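Heads up: the structure comes next, in structure tokens.
The values are calculated or read from the model by the stated rules, or taken from the named source; none is laboratory data. The structure presented is a predicted model; accordingly, all values stated were derived computationally and were not measured. Cβ: placed from backbone, ideal geometry, glycine included. Neighbour counts: every protein chain shown.
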Amino acid sequence: MLRRLLSYAFKFSIYFFVISIVWVVVLKFVPVWVTPFMVTRKIEAFREDEDTEIYKDWESYDNISKEVALAVVASEDQNFPNHWGFDFDEIYDAMTEKRKRARGASTISQQVAKNVFLWHGRSYIRKGLEVYFTVLIELIWDKQRILEVYLNVAEMGKMTFGVEAASQRFYKKSAKNLTRYEAARIAAVLPNPVRFSIKNPSAYVNKRTNQIVRQMKYLGGRNYIADL
């Protein structure tokens, strides 16, 4: 019985590795039209008898303002161009910092791995898979592809996924034409896009927007992400 169970576990592991690698390779070239998190949000909206429409519109990296790309890097993961999926200094700081609520230390790569391939939640299994898929996309994709996917699948407003959908819905323009301040405001709501609003920003969102604009200038502007 034990030998049979070990055989099943070994076969399952092989199938999982092969399927996951093929999956990541395919998504290196194919737009990510739907993610597990989008499905989860739609189910939640249905259960709460709310509008279940998902707003999303995939755009290539070339058709997205580099101000937005810079803004999310400045606000979410300033070491993105240099790390290999994990920012260990940020992880250490998050673990040792004394705060009432622990802050996150997830990189953009980790957030893409979580949003595209996994369910949201807290468990050691999910976290382990997040690490696995983060390593895979860092090995198989390049930085520009990781950022492109992030800019297209991150929730940037209630039921609104991706910068093009957010830009059209809240600014009535294409993401290609966003200004630096508009881009920074989109990045400012990312910690909680359901609670915070791009269209009707709170004092906190406005303050965070100004902070992100300053960080974008500090990093050297668009040149900081020019060689991704």
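Across the range 180-206, the qualifying residues are those that are among the β-branched types (Val, Ile, Thr) and part of a loop (DSSP other than H, G, I, E, B), and the one among them that is surrounded by the fewest Cβ atoms within 10 Å (Cβ to Cβ) is Val194. Answer yes if at least one residue in the range 167-184 is assigned by TED's automatic domain parsing to the domain that holds Ile108, under 15 Å from the mean Cα position of the chain (by Cα) and within 20 Å of Ser109 (Cα to Cα), and no otherwise. No, because not a single residue in the range 167-184 is assigned by TED's automatic domain parsing to the domain that holds Ile108, under 15 Å from the mean Cα position of the chain (by Cα) and within 20 Å of Ser109 (Cα to Cα).
Condition first: crowded, with 19+ Cβ neighbours inside 10 Å and under 22 Å from Arg222 (Cα atoms). Now tell me which residues in the range 166-179 satisfy that. Before you say what the answer is, go through the steps one by one.
Applying the first criterion (crowded, with 19+ Cβ neighbours inside 10 Å) to the range 166-179 yields 166-167, 170, 175, 178.
Hits for the range 166-179 are Ala166, Ser167, Ala175, Leu178.
Answer with yes or no whether Trp84 is modelled with pLDDT of 95 or more and either closer than 30 Å to Gln215 by Cα or in a helix (DSSP H, G or I) (or both).
Working: modelled with pLDDT of 95 or more: no; either closer than 30 Å to Gln215 by Cα or in a helix (DSSP H, G or I) (or both): yes.
Here the answer is no, as Trp84 does not meet what is asked.
This table checks each residue for (1) at pLDDT below 90; (2) more than 19 Å from Ala165 (Cα to Cα); (3) of a type outside the set (Lys, Arg).
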{"residue": "Val68", "(1), (2), (3)": "no, no, yes"}
{"residue": "Tyr92", "(1), (2), (3)": "yes, yes, yes"}
{"residue": "Thr107", "(1), (2), (3)": "no, yes, yes"}
{"residue": "Val116", "(1), (2), (3)": "no, no, yes"}
{"residue": "Phe133", "(1), (2), (3)": "no, yes, yes"}
{"residue": "Glu138", "(1), (2), (3)": "no, yes, yes"}
{"residue": "Glu148", "(1), (2), (3)": "no, no, yes"}
{"residue": "Leu151", "(1), (2), (3)": "no, no, yes"}
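Considering only the range 155-162, I want to know if a residue exists there that is modelled with pLDDT of 95 or more, assigned by TED's automatic domain parsing to the domain that holds Ile108 and surrounded by fewer than 19 Cβ atoms within 10 Å (Cβ to Cβ). No, there is no match, as no residue in the range 155-162 is modelled with pLDDT of 95 or more, assigned by TED's automatic domain parsing to the domain that holds Ile108 and surrounded by fewer than 19 Cβ atoms within 10 Å (Cβ to Cβ). Going residue by residue through the range 11-29, is there one that turns out to be touching a strand residue (DSSP E or B) at 6+ places or on another chain (Cβ under 8 Å) and not in a helix (DSSP H, G or I)? No, there is no match, as no residue in the range 11-29 is touching a strand residue (DSSP E or B) at 6+ places or on another chain (Cβ under 8 Å) and not in a helix (DSSP H, G or I). Of all residues in the range 168-204, exactly one satisfies the criterion of being aromatic (Phe, Trp, Tyr), touching a residue at least 24 places away in the same chain (Cβ under 8 Å) and within 20 Å of Val73 (Cα to Cα), namely Tyr181. Screening the candidates Met159, Met216 for the property of being within 23 Å of Tyr61 (Cα to Cα) and either touching a Phe, Trp or Tyr at 6+ places or on another chain (Cβ under 7 Å) or without any contact (Cβ under 8 Å) to a residue 24 or more places away in the chain (or both) yields one hit, Met159. Listed by first and then second residue, the pairs with beta-carbon distance under 7 Å, at least 6 apart or on different chains, first residue in the range 51-75 and in contact (Cβ under 8 Å) with a residue 24 or more places away in the chain, second of a type in the set (Phe, Trp, Tyr) and in a loop (DSSP other than H, G, I, E, B), are Trp58/Trp33; Val73/Phe80.
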